[in-house]
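For reference, the structure is listed below as structure tokens.
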Amino acid sequence: MDLYDITIIGGGPTGLFGSFYAGLRGLKTKVIDVLPELGGQLTALYPEKYVYDVAGHPKILAKDLAKALATQAQLFKASMVLGEKVLNIERVDDQWKISTDISGEHRSKSILLALGAGACVPKKLDVDYDHGMEGEYIFYAVKNKEKFRDKNVLIIGGGDSAVDWANEFSLLAKNVTLIHRRDQFRAVQTSVEEMKRNHIDIKTFYELKDIQGDGKVEGATIFDNRTGKEEHLDLDAIIINIGFVINLDFLKAWGLKMDVNAITVNEKMETNLPGVYAAGDICTHPAKLKLIATGAAEAATAVNFAVTYINPTAKAFPGHSSNLNLSI
Ligand SMILES: Cc1cc2nc3c(=O)[nH]c(=O)nc-3n(C[C@H](O)[C@H](O)[C@H](O)COP(=O)(O)OP(=O)(O)OC[C@H]3O[C@@H](n4cnc5c(N)ncnc54)[C@H](O)[C@@H]3O)c2cc1C
């Protein structure tokens, strides 16, 4: 079995930038992700949204950023293992044994955990409906905005995703209704204010009762959870953004020190396990900000210190890449 210098678990923006840096430092690198595509949340959750706060990109579609990160991540020919879920990590003979659900086992000198929110599974609606309609009429993630052009769209939720999509579709769709079971929104205040200014029918204290339609969505019944009063909506599509099922208990079983749902790291991005680093949304430290930009910085720190773990005589500082003469 091939022994890698570093195995990065998670091919989201953090893991991808980590892969690039590991290649730059000459590490034999492997990236493993449970999803069939690289990009993490950028690809899986909001490929069609613009991101404005990534260095060097005043405005970039999330899917384009994911593509650029994936290209950069593979510059040094890292091994990419997709569609494979990591189930366990275990110390064996001074190496790490990484067990997965498909190919079984990988070996590595060090590990970078870039798991984001874990293999994040959207919370499903608690009503009966034909699950064959998912992806065409009922959506837990938006992959193609054009599907909503001139359509009657219901959005369910009160967080950033729900409010952002309501704003995004206020011009593109024919009608947008947003229902939320409370009158407090978790989304950022500026987006909520924008939503209130936009042409969106916002119904707080409303929940979904049922969905009508045979093979495709034709309508839905919603109800006021204070009075029980029902209302019918004619619809073409429903977007459900009611959060994710996050279960990271397995990380404790791997022996990692956790603070609620995040792995505790120090300033070198070291976890409590030797040679195991964490970066991006999955880790926490006193100055933690969950952003693509900070995840990239954490990945660079983690990989450069992993270099010193693998070779104690190596320096953590990589030098300036602009001094290199790379044939890439
Ligand atoms: C709607 C929305 C809009 C956002 N907009 C912005 C923005 O404008 N700017 C910004 O900076 N941030 C934004 N964010 C946050 C940003 O997307 C995250 O901070 C970023 O994706 C974190 O990157 P990551 O690589 O750490 O984790 P993720 O992107 O979550 O990637 C983690 C990867 O690990 C994989 N994985 C997990 N568990 C396993 C396992 N057991 N085995 C194998 N693979 C596994 C997952 O499949 C996933 O691909 C937004 C988030 C959302 C939801």
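Restricting attention to the stretch 46-64, the residues being out of contact with any Phe, Trp or Tyr (no Cβ under 9 Å at 6 or more places or on another chain), among the hydrophobic types (A, V, I, L, M, F, W, C) and under 22 Å from ILE239 (Cβ atoms) number 1.
Could you look through the stretch 92-129, keep only residues that are aliphatic (A, V, I, L, M), away from the ligand (no atom under 13 Å from the Cβ) and exposed (fewer than 13 other Cβ atoms within 10 Å of the Cβ), and pick out the one that is farthest from GLY219 (Cα to Cα)? It comes out as VAL92. List every residue pair whose Cβ atoms sit under 8 Å apart, with the two residues 6 or more apart in sequence or on different chains, where the first one lies in the stretch 62-77 and is farther than 11 Å from GLY12 by Cα and the second, anywhere, is aromatic (Phe, Trp, Tyr). Pairs that qualify, where the first residue is farther than 11 Å from GLY12 by Cα and the partner is aromatic (Phe, Trp, Tyr), are ALA62/TYR46; ALA62/TYR50; GLN72/PHE17; GLN72/PHE20; LEU75/PHE20; PHE76/PHE20.
Residues in the stretch 250-275 that are of a type outside the set (Phe, Trp, Tyr), over 26 Å from SER321 (Cβ atoms) and surrounded by 15 or more Cβ atoms within 10 Å (Cβ to Cβ): LEU251, LEU256, MET258, ASN261, ALA262, ILE263, THR264, THR271, LEU273. Here ILE89 meets each of (1) away from the ligand (no atom under 11 Å from the Cβ); (2) not in a loop (DSSP other than H, G, I, E, B) with one exception, condition (1).
Entry remark, the stretch 13-40: residues being near the ligand (Cβ under 8 Å from one of its atoms) and touching an Asp or Glu at 6+ places or on another chain (Cβ under 8 Å) number 6 in total.
Looking for whichever is at pLDDT 95 or above, within 20 Å of TRP96 (Cβ to Cβ) and in contact with a helix residue (DSSP H, G or I) (Cβ under 6 Å, 6 or more places away or on another chain) here; the options are THR14, THR7. Which one fits? Step by step, each of THR14, THR7 is checked, and only THR14 is at pLDDT 95 or above, within 20 Å of TRP96 (Cβ to Cβ) and in contact with a helix residue (DSSP H, G or I) (Cβ under 6 Å, 6 or more places away or on another chain).
The set of residues from the stretch 170-218 being of a type in the set (Asp, Glu) and touching a helix residue (DSSP H, G or I) at 6+ places or on another chain (Cβ under 9 Å) comprises just one member, GLU194. Restricting the search to strands (runs of 3 or more DSSP E) fully inside the stretch 222-328 and requiring at least 1 residues that are more than 27 Å from TYR52 (Cβ to Cβ) and in contact with an Asp or Glu (Cβ under 9 Å, 6 or more places away or on another chain) gives 230-234, 276-278.
Can you confirm whether SER103 is assigned to a loop (DSSP other than H, G, I, E, B) and of a type in the set (Ser, Thr, Tyr)?
Yes: the conditions hold for SER103.
The values are calculated or read from the model by the stated rules, or taken from the named source; none is laboratory data. Keep in mind that this is a model prediction, so the values were computed, not measured. Note: ideal-geometry Cβ built from the backbone for every residue, glycine included; neighbour counts use all protein chains shown.
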